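The values are calculated or read from the model by the stated rules, or taken from the named source; none is laboratory data. Note that the structure is predicted; figures quoted are calculated from it, not measured. Positions of Cβ are backbone-derived with ideal geometry, glycine not excepted, and every protein chain shown enters the neighbour counts. Ligands, DNA and RNA are excluded from the accessible area calculation, which covers all protein heavy atoms including side chains. Shrake-Rupley method; radii C 1.70, N 1.55, O 1.52, S 1.80 Å.
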Amino acid sequence: MIREQTNSIHLGLLLHNHQPVGNFPWVFEQVYDEAYLPMIEALERHPKVRLSLHYTGSLIDWIEEAHPEFLQRVAKLVQRKQVEIVSGGYYEPILPSIPDADKIAQIRRLTERISRDFGVKASGMWIAERVWEPGLPRLIREAGIEWTILDDVHFKNVGLEDSDLYGYYATEDQSPVLKVFATSKAMRYTIPWRPVSETIETLRSLATPDGRRILAMGDDGEKFGSWPGTREYCWGTTSSNSWVEQFFTALEQNSAWLHTIPVGEYARNYPALGRIYIPTSSYIEMTEWALPAKKSYSFGKLLHRLEEEKRDNILQFMRGGFWRNFLVRYPEVNNQHKKMLRVHDAVYAAGASEETGLVQLWKAQANDTYWHGLFGGIYMGHVRSAIYHHLIKAENAADRVRFGTGHWQRYEFTDFDRDSQNELLVESNTQDLYIDPQRGGTLFEWDMRRSEHNLLSVMTRREESYHQILREYELERRKRLASAALKNPTKQVDGGSTEPASPHTTIRTKEPDLDRLLVIDPYRRNSLIDHFLAAGTTLSRFAEARFEEQGNFVEQPYAAEVMQDEESISVALRRDGYVRRPGALAPVPVRVSKILFLPLGKEQLVVRYAIENRGEARLQAPFACEWNIHLLGGGSNEQAYYHIPGYVLDDGYFDSTGEVPQVNNFHIGNRWIQQDLGFSLSETATLWRFSIETVTGSEAGFERNHQGSCLALVWPLELEAGQTWSVEITCTGQKP
């Protein structure tokens, strides 16, 4: 591997280390053991290997509490100028998605933390998910940052080639210059997946007599030990046989011509290659995921074909979707985002300090559930819940300043989701209820102020581009199994390799036949959804979205009126629609009225339904009131439960499935979040319940994920012409 070399080159490595706000503590600990600690130990063994490290604020906070000695070890590497620490948004927000004041403040907060812990001023920053918009340079420079690193695709979109990227470029937005480097996709896809010799030979081929070039690579630190199959591969049973040990040894052995250098040091010592103005972009996979599902699948297939054909002349102009389209693709992402903006306004109106919820707001801006791709994203229920927890916590702090500590209520018709139509927001010191009159008069957010939990943070089951990939994979797997069984009936065969491989190019599943669990919901899973069902509709057909809607009330407009007095707020919702009759040409005209009553100072919601047959024929159809609730109930969580007084459930976990007839009261809750919700019904109903599960991707492969649970209260209706049926549902919150 060592050969005499007169030309030279710089290698700028930047490892980005991050754990989401709200991730499980055991995940932090596991990744620390698998990736973060071994990397620092390797750097201590190889003092000639110099690079840049980025740790997000959420990760530093955990390390300070769990392993403070780790920060001291990193500080020593910094002091001997082996390691450069890089700044960024403290809680890793998507910068274009948050208000400008928060952009600057989050970057400054992490820079100040770096100065405190490591005794240096960070000159560079990591941009979350490399989501770039042209207005960022001015704000980044205002935050005190001089350089950053993006993907090579950002630069290729404006016509540059790989050969143009061995340095950095200067950009600006009516501001001082921001220096931008391009990370090498080729390096990202070969380190650590390919033999060390390939990387060394690539660098050797790019070295020049003047030695001014730099090949930069910024990528996730977790890929070195925490991604599937990489722990033993990267670190080995002993350090001497690991990929990282071989790599660092090769870097040191070739240090006469291969100069590892912190990226910021290169930025200080060398001029820019030229000016550049970069359009909105992210890494190519992110732009693929931002497209609608079918377009995303087609785009991905086209990309892979062009890559196989080595059509780089076309690939460089391939651009997928725009990151902000995630706010369109997923109403749940938009809901979370617009709640964040509303809380931002409240926090700043209250003075924008830690006492008014500013830090909690910043935590809630963490990017991890504001988008979705092949990995996690908005489908991570526990992280989604944590984001709302911090939003409600910030809201509580701000509202104590704005409205005092007594009981209060208010309501507002406003275009919350920014689609030109008003939603109705009812807020108080005990609970927030957000109502969408235009889409079924449903509840789409229900925040309990005491437990700081959004009960309705439930994901709808949607088609994703990777579902088609999963279907194709499972079809091929079954063909292989069938073929193997014919050849040797006693031998069990399944595909898949245990060799480490990039999750971008490798298909894994955590259990077989996941494609058979794919269900696509025809409507968003809000609560207070009004169904008229066909006779004989079963729980299984309802859960699998294989039932026929007989009415026209789901996601249709309701009229809304609000009445408020000193003791309560009442919301009257009404729709005149119809219900089809089997075998009849004309449907039955039906009026559905529901009054939501919220008493002052209580965790309580009373819903009073009235269903009126306004036609001349009999109305005979089951009526179902659907609720979709998020209580962190996945994996048979012992803290999350159903409880029906006087009835013993075979399975009382909140992610259980079942049918219970003749129910007039029951409880759901989660002891860990200190939230119980009791339902009391004036008319006995059949209770259907089931877990809402999606099939999503992760670094470890495709897996099922609990997104919440559906509760449907079902009543058989028989109404003669002019008759009205009514029921009252009382929901009372309390500690378990």
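Find the relative contact order for region 220-316 and round it to a whole percent, using C-alpha pairs within less than 8 Å whose residues are 6+ positions apart.
9 percent
Note the full-extension length gain between Asn7 and Leu306 as 0.36 nm times their separation in residues minus their Cα-Cα distance, in nm to one decimal.
104.3 nm
Counting alpha carbon pairs within less than 8 Å and at least 6 residues apart, what relative contact order, in whole percent, applies to region 216-262?
18 percent.
Count charges around Ser726 for me, please; just the other residues with Cβ under 11 Å from its Cβ, Lys/Arg as +1, Asp/Glu as -1.
Local charge sum for Ser726: -1.
So, with +1 on the Cβ of K and R and -1 on the Cβ of D and E, and no other charges, what is the size of the charge dipole of the chain about its Cα centre, to the nearest 20 debye?
In total the dipole reaches around 1300 debye.
List the relative contact order of the chain as a percent without decimals, with contacts defined as Cα pairs under 8 Å and 6+ residues apart.
Worked out over the chain, it gives 11 percent.
Taking a point 7 angstrom from the Cα of Asp419 along the C-beta vector, which residues in region 537-557 have backbone N less than 15 Å away?
554-557
Whenever you get a sec, compute what percent of the accessible area on region 71-195 sits on carbon and sulfur atoms (1.4 Å probe).
47 percent
Taking every DSSP beta bridge that has both residues in the chain, what percent is antiparallel when rounded to the nearest 5?
80 percent
Which distance in nm do the two modelled labels at Asp345 and Gln556 give, with both placed 7 Å along the Cα-to-Cβ direction?
3.2 nm
Where does the charge balance sit around Tyr578 when Lys and Arg score +1, Asp and Glu -1, over other residues with C-beta under 11 Å from its C-beta?
Local charge sum for Tyr578: +4.
Counting Lys +1, Arg +1, Asp -1, Glu -1, what net charge surrounds Gly274 among other residues with beta carbon under 12 Å of its beta carbon?
Here the count lands on +1.
So which GluC sites (Glu not before Pro) in region 661-722 end up in coil per DSSP with only 13 or fewer other C-beta atoms within 10 Å?
Listed in order of number, the matching sites are Glu720.
Rounded, prolate or oblate: which one fits region 556-639, using the alpha carbon gyration tensor with axes a ≥ b ≥ c (rounded when a/c is under 1.5, else prolate when a/b beats b/c, else oblate)?
Oblate shape, in that a/c is at least 1.5 and b/c is the bigger or equal ratio.
Would you work out if region 507-600 is rounded, prolate or oblate? Take a ≥ b ≥ c from the square roots of the eigenvalues of the alpha-carbon gyration tensor; rounded if a/c is under 1.5, else prolate when a/b is larger than b/c, oblate otherwise.
It is oblate, given that a/c is not under 1.5 and a/b is not larger than b/c.
Rounded to the nearest 20 Debye, what is the dipole magnitude of region 6-118 about its Cα centre when Lys and Arg each give +1 and Asp and Glu each give -1 at the C-beta?
About 640 debye.
So what is the calculated 222 nm ellipticity per residue for the chain, using -39500 (n - 2.57) for each DSSP H run with n of 4 or more, over all residues, to the nearest 500 deg cm²/dmol?
-8500 deg cm²/dmol
For region 146-263, what ratio Rg/Rh do Cα atoms give with a Kirkwood hydrodynamic radius?
1.01
Three principal axis extents, largest first, for the C-alpha atoms of region 596-736, in Å?
59, 37, 29
Under 1.5 on a/c is rounded, so check that first for region 355-424, then, if it is not, pick prolate when a/b is larger than b/c and oblate when it is not; a ≥ b ≥ c are the square roots of the alpha carbon gyration tensor eigenvalues.
Oblate.
Keeping every protein chain present and rolling a 1.4 Å probe, give me the accessible area per residue for the chain in Å².
40 Å²
What FRET efficiency comes out for the pair Gln72/Ala256, r = Cβ-Cβ distance, R0 = 41 Å, nearest 0.05?
The pair Gln72/Ala256 has a calculated efficiency of 0.80.
Among His154, Ile191, Val180, which residue has its Cα furthest toward the positive end of the charge dipole of region 123-198, with +1 on Lys/Arg Cβ and -1 on Asp/Glu Cβ?
Result: Ile191, furthest along the dipole toward the positive end.
Ile529's amide H: which non-local residues (gap 5+, or another chain) put their own amide H closer than 5 Å, with H modeled 1.01 Å from N in plane and none for Pro or chain starts?
Residues meeting the amide H criterion: Glu626.
Let me know the charge dipole size of region 63-174 about its Cα centre in debye, to the nearest 20, where only the beta-carbon of Lys, Arg (+1) and Asp, Glu (-1) is charged.
580 debye
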